[in-house]
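Take a look at the structure set out below.
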Amino acid sequence: MNTSEIWKETAAIESAIGGMACRLVRRLERCGFQDPAMIGIHTGGVWIAERLHTLLGLPEPLGHLDISFYRDDFTRIGVHPQVRPSHLPVRVDDRHLILVDDVLQTGRTVRAALNVLFDYGRPASVTLAVLVVRDGRELPIAADVVGFEGFFGAEDQIKLSGPTPLVLLRTRREARR
Amino acid sequence: MGSSLPNPQLDAQGRLRHFLTIEGLSRDLLIELLDQAEGFLGVAQQAVKKVPLCRGKVVANLFFETSTRTRTTFELAAKRLSADVLNLNISTSATAKGESLLDTLRNLEAMHVDMFVVRHAAGGAAHFMAAHAAPHVSIINAGDGRHAHPTQALLDMFTIRRHKGDFSRLRVAIVGDILHSRVARSQMLALKTLGVPDIRVIAPRTLLPAKVEEAFGVKAYHELAEGIRDVDVIIMLRLQRERYRGALLPSEHEYFQLFGLTEGRMGAAKPDVIVMHPGPINRGVEMDSAVADGAHSVILEQVTNGIAVRMAVIAMCLGNQRRADEL
């Protein structure tokens, strides 16, 4: 049996996203990244990206990325059952992109997402914004803009539930596999 | 057909390992394949029209019968999944089909091929290969005799779903040489499995299999105008000239007069009817050029959809292979 508890409530998440938006704007200015386009990773990343997209008032529509076809565990678990088509309404060539995800743990999702992006074109830069950065990194990938940070241990899973209301759940997996 | 036998296409967990026929596949599995194909459709929009899913896998196209469309779309599908593709065009030899087929299989298995896409003039060829294939190898049926052409049927279902959405209220007519058509058999099974309530087959009596109504749960018509009344989908079949001579049909001209689809005759169907054809079209035999190229025709879309659907089938079978060994 797995047990779930709420780690962050909706209000805390919404305010963290507000903070992320401010830091994102400052970072883009500091780096001189003008006219950025935003892309969310399915599914939780899109929920965060929708809010950031509104807060930043970006003129172009939000892109959606499904990384199922780029996962590195295909030979172990086969095709992912629920694939949504990726939808990139903007051309990525020479653009400054903001990539948004809900939880950064191993880094494998972001690795796959970068591969997807580069199959659409050659962006000028990619900035990574993540709601929760946690322990468990297996690849040299770091977020540029972060909502929460936490250390949980391998048996704890952090999952975003949404799209409304957004709640972060912490689930303890029993040791048995 | 015995229902007590395990389905040769599925592994012990009920997952797709080979794709040989629509028969015996559940509605859920067909829907899962259609949903997967929906995702693969977007790959053609990328600048790099490829995903790395099946990188390092080897797919061999083993065509004992000629084909352009099916072979090239299978090849493209495998390549868009980043698999390596071998194309082997083997002309049918009359000698010892079983033996030579098995030898071909053994030799290619020794080259570490992961999947065979097989087309053969003999019904059951793909099943035969699946029965003898090594545990790490998948077989896809790309058409066997008059028996089955399941990926064609699946891409047709995909095309119908993209236009009509829900299968449960549709009237679908299949027109033409049902008797010799593996496509028609697979389509009838797929339409039935997906819950289409009104499936019609329209053909001269000489081109309908005996007891088609009982065997497939369809309604047979011998007049085009009556058969296509109020249908949502018309599927035209190719007149397979190479499979018979003279006896079954007086002439192609007469066939067109009675069963050829023209814009005028299409008026009996629903105003938003879609017209499909698995290709290649005999213009002026099965249908008028005006229909083939007209606003209701989705024939070229079928070709595009065929790649995405075949990607879904290849990816699902290859993805299930490793899992099968681990258990």
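The values are calculated or read from the model by the stated rules, or taken from the named source; none is laboratory data. Because the structure is a prediction, the values reported are computed rather than measured. Here the Cβ is made from the backbone with ideal geometry for all residues, glycine too, and neighbour counts use every protein chain on show. Areas reflect the complete protein model, heavy atoms only, side chains present, ligands, DNA and RNA absent. Shrake-Rupley method; radii C 1.70, N 1.55, O 1.52, S 1.80 Å.
The condition of being in contact with a Pro (Cβ under 9 Å, 6 or more places away or on another chain), surrounded by fewer than 21 Cβ atoms within 10 Å (Cβ to Cβ), assigned to a helix (DSSP H, G or I) and free of Cβ contacts under 8 Å to residues at least 60 places away in the same chain does not hold for B:L300.
Filter the stretch B:165-191 down to the residues that are touching a strand residue (DSSP E or B) at 6+ places or on another chain (Cβ under 7 Å) and over 23 Å from B:T70 (Cβ atoms) and list them by number. Walk me through it before giving the result.
Filtering the stretch B:165-191 for residues touching a strand residue (DSSP E or B) at 6+ places or on another chain (Cβ under 7 Å) gives B:170-176, B:178, B:182, B:184-188, B:191.
Within the stretch B:165-191, B:L170, B:R171, B:A173 qualify.
Say whether the condition of being in contact (Cβ under 8 Å) with a residue 12 or more places away in the chain and of a type in the set (F, W, Y) is met by at least one residue in the stretch A:27-35. Scanning the stretch A:27-35 turns up at least one residue that is in contact (Cβ under 8 Å) with a residue 12 or more places away in the chain and of a type in the set (F, W, Y). Scanning the stretch A:115-132 for residues that are farther than 28 Å from A:K159 by Cβ and away from chain B (no Cβ under 14 Å), we see that the one that is least open to solvent (accessible area, probe 1.4 Å) is A:S125.
Just a yes or no: is a residue in the stretch B:152-164 open to solvent by less than 10 Å² (accessible area, probe 1.4 Å), assigned to a loop (DSSP other than H, G, I, E, B) and at pLDDT 90 or above? No, the conditions are met nowhere in the stretch B:152-164. With respect to the conditions (1) within 21 Å of A:C31 (Cβ to Cβ); (2) modelled with pLDDT of 95 or more; (3) surrounded by 15 or more Cβ atoms within 10 Å (Cβ to Cβ); (4) over 10 Å from the mean Cα position of the chain (by Cα), A:L104 falls short on a single one, namely (4). Restricting to the stretch B:1-60, and then to whatever is part of a strand (DSSP E or B) and crowded, with 18+ Cβ neighbours inside 10 Å, can you tell me which residue is nearest to the other protein chains (Cβ to nearest Cβ)? So, considering only residues that are part of a strand (DSSP E or B) and crowded, with 18+ Cβ neighbours inside 10 Å, the one nearest to the other protein chains (Cβ to nearest Cβ) is B:L16.
Residues are listed down the side, and each one gets a yes or a no for (1) of a type in the set (V, I, T); (2) within 18 Å of the chain's Cα centre (by Cα); (3) surrounded by 21 or more Cβ atoms within 10 Å (Cβ to Cβ); (4) within 27 Å of B:A77 (Cβ to Cβ):
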| position | (1), (2), (3), (4) |
| --- | --- |
| B:A134 | no, no, no, yes |
| B:G143 | no, yes, yes, yes |
| B:S186 | no, yes, yes, yes |
| B:I202 | yes, no, yes, no |
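Residues in the stretch B:132-151 that are in a helix (DSSP H, G or I) and at pLDDT 95 or above: B:P150, B:T151. Restricting attention to the stretch B:215-222, does a residue exist that is within 17 Å of the chain's Cα centre (by Cα) and of a type in the set (F, W, Y)? For the stretch B:215-222, residues within 17 Å of the chain's Cα centre (by Cα) and of a type in the set (F, W, Y): present. Just to verify a result, which residue in the stretch B:240-293, among those that are open to solvent by 40 Å² or more (accessible area, probe 1.4 Å) and in contact with a strand residue (DSSP E or B) (Cβ under 9 Å, 6 or more places away or on another chain), is nearest to B:G123 (Cα to Cα)? Of everything passing the filter in the stretch B:240-293, B:I281 is nearest to B:G123 (Cα to Cα). Inside the stretch A:1-79, counting only strands (runs of 3 or more DSSP E) that do not spill past its ends, which hold 1 or more residues that are open to solvent by 40 Å² or more (accessible area, probe 1.4 Å)? Here the list reads A:3-8, A:63-65. Only a single criterion out of (1) open to solvent by 20 Å² or more (accessible area, probe 1.4 Å); (2) in contact (Cβ under 8 Å) with a residue 12 or more places away in the chain; (3) out of contact with any Phe, Trp or Tyr (no Cβ under 6 Å at 6 or more places or on another chain) is not satisfied by A:H96, namely (3).
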